[in-house]
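In what follows, a structure is listed as structure tokens, so that the remarks can point back to it.
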Amino acid sequence: MASFLQSILSAIGRSSTAMTITLSAGTQTVTFPVLPSELMVSVSTNHGTVNINNYGDYLMMGKTGLKTLTLSGFFPAQNYPFAQYLIAPYTYVDTLEVMRTGGEVCQFNVSDTSLSMPCLISSFKFGEKDGSGDVYYELALTEYRYVQSQTAAKPDSTTGLKKRPESFWSKVKKNVTYYPGDSIGSVIGRAVGKSVTLNNEQFSKFEIYRSIVRNGGLKVGDIIKLTTMNLKRNGTDVSVTKESQTDK
């Protein structure tokens, strides 16, 4: 019987050296001396549900949530054959407490697997329960996801200035032709290629154009050119007139 138990313990000891589980933060590292009997990772996807009248519920695709996992086991006070990297049990506890309260992101790794993630300690429970001096623990970890910032625009090699964000008027087509029966909205729609909400600067140009139309200033075949600086009709700048200022 003794040799049978010894062979089991030896087998456990050999398997334990094939994998290591570590948690690090800053200069602190804990290598768990006894592999947990179970290591399960949980993650959800944040799908949403929307209700449409007369049709019912529809599922809207969401983005991934955060991974979570829980480790449970014990820090040995005895020199068990299956344990490795032994130090005093409460040294493990003290190191984990420094990680939990130290304000640094931890890194969790399981060797020979793809499981490696930055994380934070969500909860830590520990204590003794059988008089052996072993310290039992439950450790909950939650994935830490770094915020991805937008790539900064590179400065222009000539001017040294960064490219400005694309504006409303940079999307306007160069030339828009007025046809019989055209409404103001359809012409503006062709100019920008889609429906838009005009700000004050854009609305002032819209008012100029509306004044031209109401005063019969456009003829079939006239060319309207919109730029960031002015509005031209058949190559001539259009200025704000009293009619365009008062014609609301």
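Read-outs: derived from the displayed coordinates by stated rules, not from any lab. Just so it is clear, the structure is predicted and the values come from calculations on it, not from any experiment. Ideal geometry is used to build each Cβ from the backbone, glycine not excepted, and the neighbour counts take in all protein chains shown.
General observations
- Sequence-separation-based contact order of the range 93-138, relative, with Cα cut under 8 Å and 6+ spacing, percent: 25 percent
- In order along the range 55-66, phi translates into HN-Hα couplings of 10, x, 8, 10, 8, 9, 5, x, 9, 5, x, 9 Hz, rounded to whole numbers, per the Karplus curve 6.51 cos²θ - 1.76 cosθ + 1.60 with θ = phi - 60° and x for Gly and Pro.
- Proximity of backbone amide H atoms, modeled 1.01 Å from N, is registered between GLY73 and TYR137 at under 5 Å, excluding neighbours fewer than 5 places apart on the same chain.
- Ascending count of other beta-carbon atoms within 10 Å, so fewest first, for ARG233, ARG145: ARG145, ARG233
- Sparse-neighbour loop sites [GluC sites (Glu not before Pro); the range 37-127; at most 14 other C-beta within 10 Å; DSSP]: GLU38, GLU104
- The range 88-128: C-alpha gyration tensor shape, a/c 1.5 cut-off, then a/b vs b/c: oblate
- P(r) weight above 19 Å for the range 47-158, C-alpha pairs, percent: 65 percent
- Phi angles of the range 123-138 translate, via the Karplus equation with coefficients 6.51, -1.76, 1.60 and θ = phi - 60°, into HN-Hα couplings of 7, 9, 10, 8, x, 9, 8, 10, x, 7, x, 5, 10, 8, 9, 9 Hz per residue; Gly and Pro are given as x.
- Cα centroid separation, the range 28-51 to the range 91-142 (Å): 13 Å
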